[in-house]
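See structure below.
The values are calculated or read from the model by the stated rules, or taken from the named source; none is laboratory data. Here the structure is a predicted model, which means the values were calculated and not measured. When we count neighbours, we look across all protein chains shown, and the Cβ atoms used for this are built from the backbone with ideal geometry, even at glycine.
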């Protein structure tokens, strides 16, 4: 049995990819017999830099998880204090999520101090090495963080390749697919899901899910819905997620494209208990990203066995098998529109895709993620 500490977002911060992943990973470690704690943020982002309405959850605390609210991302004295605490605690493995260069000074400093105990192995799960939205200083900050790790696990080969540019010391690196998000409950009947959301039971629905950022390509999807032949059908676009970009340009685009009757907006934070309703109400999940590494949305869709349309960027094309579990298309609204129309025109496609998903999703396991982290931690 190993003593594991996960350093990253968790309750009372809102769910979303980071917190949900870390909490689910902790449960996987526990299920395999390891002792686990999560060190989360007392302050993750200064309010000035946070694009959403609130950083904090109003949902119940996850049961059976030891979550310590300790880390202030902008206070160097706090980093030193937390680092000394972890150094003294001597976990066998410290797992650090890395997704944004802004976090590098905080997380890198804590790692640097912790590993001075000559016992703890510091392993990072890297969501991104080169961020989607680039800023001055990103490379310097990432280089600092990478230098403080004993090893890395990436969840897309794109990130694995990006990491090569910073891994000057040849520290151990491994690839593991992003596991399924299986913590949002079981699949529910499509008609019941639509009733829960007040959707027409007989319409066809494409779901765009998650925080709305410019790089996720919602504008391409809106333009696709104004294209022939979608514009003459009862195919609707269901947008579920809070705006993390300027909402006005998207709302104006819907009006300018004259697709108000085809777009249904739920642009508030989607709580965990409602995730199943949105996915199970959908016929197809669309991720028209302009850049990507990996995405938790694909792993929710796989869990609920909903076929996907993704663009050929980053790790999305690694996860979705074209014409088997969904479509992989270029970043082009006409191609997106054409594939959506084809999907609903061929009655057998959905059934075939779902059967393929049932087999393919077996490879996305939390046990494999745990084993990969522990394996990397043992390499010198």
Within region 313-327, how many residues are crowded, with 21+ Cβ neighbours inside 10 Å and without any contact (Cβ under 8 Å) to a residue 24 or more places away in the chain?
2
Under 8 Å between Cβ atoms, at least 6 apart or on separate chains: pull out the pairs that start in region 142-169 with a residue that is closer than 14 Å to residue 131 by Cβ and not assigned by TED's automatic domain parsing to the domain that holds residue 118 and end on any residue that is at pLDDT below 95 and surrounded by fewer than 22 Cβ atoms within 10 Å (Cβ to Cβ).
none
Looking only at region 234-262, which residues are under 24 Å from the mean Cα position of the chain (by Cα) and over 18 Å from residue 299 (Cβ atoms)?
237, 238, 239, 242, 243, 244, 245, 246, 247, 250
Which numbered condition residue 223 misses (of (1) closer than 23 Å to residue 313 by Cβ; (2) over 23 Å from the mean Cα position of the chain (by Cα); (3) not in a helix (DSSP H, G or I)):
(3)
So, residue 86, is that one at pLDDT below 95, crowded, with 20+ Cβ neighbours inside 10 Å and over 23 Å from residue 138 (Cα atoms) or not?
no
So residue 349 passes all but one of these: (1) surrounded by 16 or more Cβ atoms within 10 Å (Cβ to Cβ); (2) at pLDDT 95 or above. Which condition number does it fail?
(2)
Sort out which residues of region 280-329 are in a loop (DSSP other than H, G, I, E, B), touching a strand residue (DSSP E or B) at 6+ places or on another chain (Cβ under 7 Å) and closer than 28 Å to residue 134 by Cβ, and write them in order of number.
288, 289, 295, 312, 320
All strands (runs of 3 or more DSSP E) inside region 66-172 with 3 or more residues being in contact with a helix residue (DSSP H, G or I) (Cβ under 7 Å, 6 or more places away or on another chain) and within 21 Å of residue 13 (Cα to Cα):
67-72, 93-98
In region 234-253, is there at least one residue being in a helix (DSSP H, G or I), modelled with pLDDT of 95 or more and surrounded by 19 or more Cβ atoms within 10 Å (Cβ to Cβ)?
yes
Residues of region 191-218 being surrounded by fewer than 17 Cβ atoms within 10 Å (Cβ to Cβ) and in a helix (DSSP H, G or I), which ones?
191, 192, 195, 196, 214, 215
I'd like to check something: does region 62-72 contain any residue that is surrounded by 19 or more Cβ atoms within 10 Å (Cβ to Cβ) and over 19 Å from residue 24 (Cα atoms)?
yes
